[in-house]
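Here is the structure we will look at.
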Amino acid sequence: MAFQKLGVCYYPEHWDEALWREDARRMRGLGISIVRIGEFAWSRLEPADGRYDFDWLARAIDVLHGAGLEVVLGTPTATPPKWLADKMPDMLPIDAQGRPRKFGSRRHYCFSHEGYARECDRIVSALAETFGAHPGVVAWQTDNEYGCHDTVESYSPAALRAFRDWCAAKYGTIGALNAAWGNVFWSMELASFDEIELPNLTVTEANPAHRLDFQRFSSDQVVAFNRRQADIIRRFSPGRTILHNFMGSFTAFDHYRLGAELDAAAWDSYPLGFLERGRHDDAFKLRYMRVGDPDYQAFHHDLYRNCGRGRWWVMEQQPGPVNWAPWNPAAAKGAVRMWTYEAFAAGAEVVSYFRWRQAPFAQEQMHAGLLRPDSQPAPGFGEVEQVAREIERLRLSGGADRADVALVFDYESAWAWGIEPQGQDFSYDELVYAFYCAVRRAGLSVDVVPPMAEAVANRRLVLAPGLFAASEDFVAALKTADIVLLGPRTGSKTFDFQIPAQLPPGPLRALVDLKVTRVESLRPGASIRAHGLPGAFERWREWVEPGPNAGVEAVAADGEPALLRQGGRYYLAGWPDEALLDALTSRICGEAELPNLALGPDLRIRDCGPLRYLFNYASKPRDISQLIEGAELRLGGSELEACGVAIYERPT
Ligand code: GAL
């Protein structure tokens, strides 16, 4: 897409039809060009089994299209209506405690229930057949936020049957499964695939290999569920963009694999809600309560861009207070505008706000929209108006290039370390995110990528902390990158969730010649200082035996190797605190000939083609004259206000 577009989420079924035309006119006037509708409207589209009522939707699409708006049509499968849940009560998901999750909100379905999947085929086919060729419909959204409200795993009879089939297809013989899972331990050996149980309600922990396979299976079920819809839509609505709106910090299914079957990825960005719900301490939350964590949005932009193989949108952008975090503050003046530019800087085609008008009823009545419930503009409205005018004038070209830095983020590793953290606070997401923030503090643009050969080959710098297992071709591709940083825990398991025969880092020993001989986790407050580098290991440390080809670059205070190196490949033997991480980043960036701009906590940069975007997350203006070094600004000033955005030609 040549130019960035603005969009909005709209629910015609929530409003009197007399309002639609005026709403559409105001959207257009505001500079909105795309509207998402329909994703929760099943009870209005099919009020009773087999009785469709699509007329109102046809009129709504015509009104929007007639006003010059493009439509994204959502499939309504996240909200099966009551008659459907009553018709097949066993479609409800079962939680890990064995309890059904009832009708009365949303996402009350089990991904493995074939009867429900067929009902989805039916409604999606009917919608795609009716609206697939409508000139106003430019894109489709499948379902809504797979995995939201912890709904990927279901411990239902349908899931059990499907899991047994999945295991049979993967292992072929029960002997192979017993060996892979190590079922001789605690007499867990099985005589046939029919004896497999789901890994919940066991007396103590279930076998980690069993749990990991259940997680893989559950992820595959989501991918398969989505595939059915995408196939139907492609058949009836060729040429339209098919996407799904992912969420922040969701790791329960493999987003790369699901994204590979879409035309574009999208995600729902709620900076203030995520901050309040997140893991930062109170001081951090207080400091950023009206702007959000300076790296969180960007991390997801950089991740979902790669889930969509370059094409991605923000489907829902927070416009004001949400209703679902422990506290729901208002956004700082300028924050909505800044978030919008941040997405465009990372290559978004569309930024779409959630939602047009605040609903005065039901669960989300406290959630802001661009309009108040009385249709008057809410604070976000004016900011969207400003962005719309600016992007019209600036005509920035979109699309982010391949970044010099690739940070590997792997869903299976998130599952593996969730199952076996070994230390309560060993969180894979946090580990990867800590590296992401460090590289961003250095002012670099990053691609967050899967552990796949083509994603890392020939990069200037690849970071792969905590990657639980590595394939041979991934290892081979890492050899083509200039600088690589591994560890802690990288390569410490096989894909079957066992310790590699030659000890960690398994096949990655081909990059750095070493063996991890033992490990420990560290409780909060405990740390091991580094020697010759600032900072310390916290949470996790390893004892490493270097082989003849590896050198020790830095040691811990107790003299044990902390950072090892073989040519341009590094291995870090612990979880670095922020000071150690910054020092390490600076060292390896230097090695990769990447500048370290040491931006500190509040300023952030994203490069997009020839342009550099600068964002100020501080609550005060910042003098950026040194950073822009006489470059001509296309947006912003050398004193960048709070929530300010500057855009300029980047230095070469
Ligand atoms: C998203 C969801 C929307 C709405 C929104 C509120 O997670 O997709 O339907 O609930 O949150 O912030």
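DSSP beta bridges confined to the chain are antiparallel in about 50 percent of cases. Probing with 1.4 Å while keeping every protein chain in the model, the per residue accessible area of region 76-182 equals 38 Å². Taking 0.36 nm per residue of sequence separation and removing the Cα-Cα distance, the Glu364/Glu13 pair yields an extension gain of 124.8 nm. Taking the protein heavy atoms of region 1-126 in the context of the full set of protein chains, the accessible area attributed to carbon and sulfur is 51 percent at 1.4 Å. The largest accessible area among Glu46, Glu364 belongs to the first residue in Glu364, Glu46, and the rest follow in falling order (1.4 Å probe, all chains). In region 158-209, the portion of solvent-accessible area held by carbon and sulfur atoms comes to 58 percent [1.4 Å probe, whole percent, DNA, RNA and ligands not counted]. For the chain, with the dipole built from +1 on Lys and Arg beta-carbon atoms and -1 on Asp and Glu ones, taken about the Cα centre, which of Leu581, Leu627, Cys120 lies farthest toward the positive end? Looking along the dipole axis, the top candidate is Leu627. In the chain, the calculated helix contribution to ellipticity at 222 nm averages -10000 deg cm²/dmol per residue, counting -39,500 (n - 2.57) for every DSSP H run with n ≥ 4. Around the Cα centre of the chain, unit charges on the Cβ atoms of Lys, Arg, Asp and Glu (plus for the first two, minus for the last two) sum to a dipole of about 900 debye. For region 405-591, the share of DSSP beta bridges that are antiparallel, to the nearest 5, is 60%. The simple spin-label model puts a point 7 Å past each Cα toward its Cβ; for Asp165 and Leu597 those points are separated by 5.2 nm. Remark: the Trp324-Arg279 segment gains 14.6 nm on full extension, using 0.36 nm per residue and subtracting the alpha carbon distance.
Please list, by residue number, every one of the chymotrypsin sites (Phe, Trp or Tyr not before Pro) in region 334-442 that is coil in DSSP and has at most 11 other beta-carbon atoms within 10 Å.
Those satisfying the criteria are Phe361.
As a length-normalised measure over Cα pairs under 8 Å and 6 or more apart, the relative contact order of region 158-209 settles at 37 percent. Does region 17-176 classify as rounded, prolate or oblate by the C-alpha gyration tensor (a ≥ b ≥ c root eigenvalues; a/c under 1.5 gives rounded; else a/b over b/c gives prolate, otherwise oblate)? It comes out prolate by the Cα gyration axes. Considering the dipole of region 405-591 built from charges on the beta carbon (Lys and Arg +1, Asp and Glu -1) around the Cα centre, which of Leu514, Pro504, Asn549 is farthest to its positive end? Going by the charge dipole, the pick is Asn549.
Would you mind working out the accessible area per residue for region 603-649, using a 1.4 Å probe, and quoting it in Å²?
43
Modelled label positions at Glu639 and Ser105, each set 7 Å beyond Cα in the direction of Cβ, lie 4.8 nm from each other.
Spatially, region 306-329 and region 511-536 are offset by 36 Å when compared through their Cα centroids.
Charge dipole (Cα centre; +1 on Lys/Arg Cβ, -1 on Asp/Glu Cβ; no other charges) of region 603-649 amounts to roughly 220 debye. Based on C-alpha pairs under 8 angstrom that are at least 6 apart in sequence, the chain has a relative contact order of 10 percent.
Inter-label distance, Glu430 to Lys87: 4.6 nm, where each label sits 7 Å from its Cα along the C-beta direction. Lysine pairs in the chain whose alpha-carbon atoms fall under 27 angstrom of each other, counting only those eight or more residues apart or on distinct chains, come to 10.
Please report the carbon-and-sulfur percent of the accessible area for region 387-474; probe 1.4 Å, protein heavy atoms only, DNA, RNA and ligands left out.
46
The residues of region 405-591 expose, per residue, 34 Å² of accessible area to a 1.4 Å probe.
Taking 0.36 nm per residue of sequence separation and removing the Cα-Cα distance, the Val203/Glu560 pair yields an extension gain of 124.6 nm.
The values are calculated or read from the model by the stated rules, or taken from the named source; none is laboratory data. Bear in mind the structure is a predicted one, so any value in this text is a computation, not a measurement. Cβ sites come from the backbone with ideal geometry, for glycine too, and all protein chains shown count toward neighbours. Ligands, DNA and RNA are excluded from the accessible area calculation, which covers all protein heavy atoms including side chains. Shrake-Rupley method; radii C 1.70, N 1.55, O 1.52, S 1.80 Å.
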